Amino acid sequence: MRVNPFYRQARFLTSAARLDQCPPDEGYEVAFAGRSNAGKSSAINAICDHKGLTKVSKTPGRTQLINFFALDDQRRLVDLPGYGYARVSVKVKQEWQRHLADYLENRRCLRGLVLLMDVRHPLKAFDLQMLEWAAHRSLPVHVLLTKADKLKRGAASAALLKTRKALEEMAGEFSVQLFSALRRSGIDEVHRVLDRWLDLVLPDESP
Ligand SMILES: Nc1nc2c(ncn2[C@@H]2O[C@H](COP(=O)(O)OP(=O)(O)OP(=O)(O)O)[C@@H](O)[C@H]2O)c(=O)[nH]1
Ligand SMILES: [Mg+2]
């Protein structure tokens with residue numbers, strides 16, 4: 001297996017509460033979205049092989065800001081606020097959703113969305129809404145079915161097939177894979193998608 005060193009370069013860049021606080025809208029961005037506690041921050045840490053890069057929250061909903069991680073001066077990964085956190089007021093929830101929608105609809109450098117869902121609870125209402133938004137904007141979505149270590153191999157494969165079939169029936173450029181930050185499985189597969197979206201030209205693999 002060839003380890004991709006590019007993603008190890010990730011460095012925290014900045015946080016934004018609103019679209020107008022985001023870095024200049026240029027280059028390439030891939031955003032990570034998902035319900036609160038789905039494993040967004042853990043996935044970004046695993047993908048970048050960097051344990052403390054994003055603070056993995058013990059309390060769901062801790063990541064309330066849009067966090068930007070620079071891979072190089074043209075490419076960024078973005079940790080979006082988790083949605084669906086129950087213990088905040090409706091008003092606060094609506095605020096987050098408005099900023100999230102604003103980012104997703106207006107960010108021109110956004111090349112793709114990685115949508116994380118707990119493998120045990122895929123395609124909840126808000127996930128479907130995200131898929132619809134993305135399709136509407138012609139934005140490709142790669143779904144990570146996270147915490148795959150929580151299921152036996154057979155059950156995880158069944159969840160993958162079922163989700164893939166459901167995605168195929170929807171309009172949009174959607175793909176899906178199993179992922180576990182804990183076991184560090186599925187990382188190569190997601191790197192390949194990110195390489196493509198970030199327009200990375202990697203050194204030739206052949207000797
Ligand atoms: N078993 C297992 N647990 C995981 C995995 N990924 C994340 N977790 C756990 O799930 C919880 C939430 O993970 P986070 O990465 O903080 O999730 P998040 O989506 O960033 O959450 P918010 O920022 O609160 O929206 C933590 O307790 C993690 O340790 C995984 O692959 N396997
Ligand atoms: Mg987080």
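Table for the structure above
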quantity	calculated
For SER185, residues with placed amide H under 5 Å, excluding near neighbours	SER180
Distant-in-sequence amide H partners of LEU13 (H built 1.01 Å from N, under 5 Å)	PHE68, PHE69, ALA70
Cβ-defined net charge surrounding SER138, 13 Å radius [Lys, Arg +1; Asp, Glu -1]	0
Listed residue (SER15, VAL141, LEU123) projecting farthest to the positive dipole end of the chain, Cβ model	LEU123
Base-10 log of normalised Debye intensity for segment 80-207 (one unit scatterer per alpha-carbon) at q = 0.13, 0.15 Å⁻¹	-0.62, -0.81
Note, ³J(HN,Hα) from phi for segment 110-117, Karplus 6.51, -1.76, 1.60, rounded to Hz, x at Gly and Pro	6, 9, x, 10, 9, 10, 9, 9
Point-to-point label distance, GLU105-HIS121, nm (Cα→Cβ direction, 7 Å offset)	2.7 nm
Relative contact order, percent, the chain [alpha-carbon distance under 8 Å, six or more residues apart]	22 percent
In segment 151-200, GluC sites (Glu not before Pro) in a DSSP loop with at most 16 other beta-carbon atoms within 10 Å	GLU169, GLU173
DSSP-defined beta bridges in segment 56-189 - what % are antiparallel, rounded to 5	30 percent
Total charge dipole magnitude, the chain, about the Cα centre, Cβ charges on Lys, Arg, Asp, Glu only, Debye to nearest 20	1140 debye
Computed helical MRE - 222 nm, the chain, DSSP H runs ≥ 4 contributing -39500 (n - 2.57), nearest 500	-10000 deg cm²/dmol
Amide H within-cut-off set for ASN37, under 5 Å, with H built and near neighbours excluded	GLY61
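Read-outs throughout are calculated quantities, based only on the coordinates presented, and are distinct from any laboratory measurement. The structure presented is a predicted model; accordingly, all values stated were derived computationally and were not measured. FYI the Cβ positions are ideal-geometry reconstructions off the backbone, even for glycines, and counts take in every protein chain you see.
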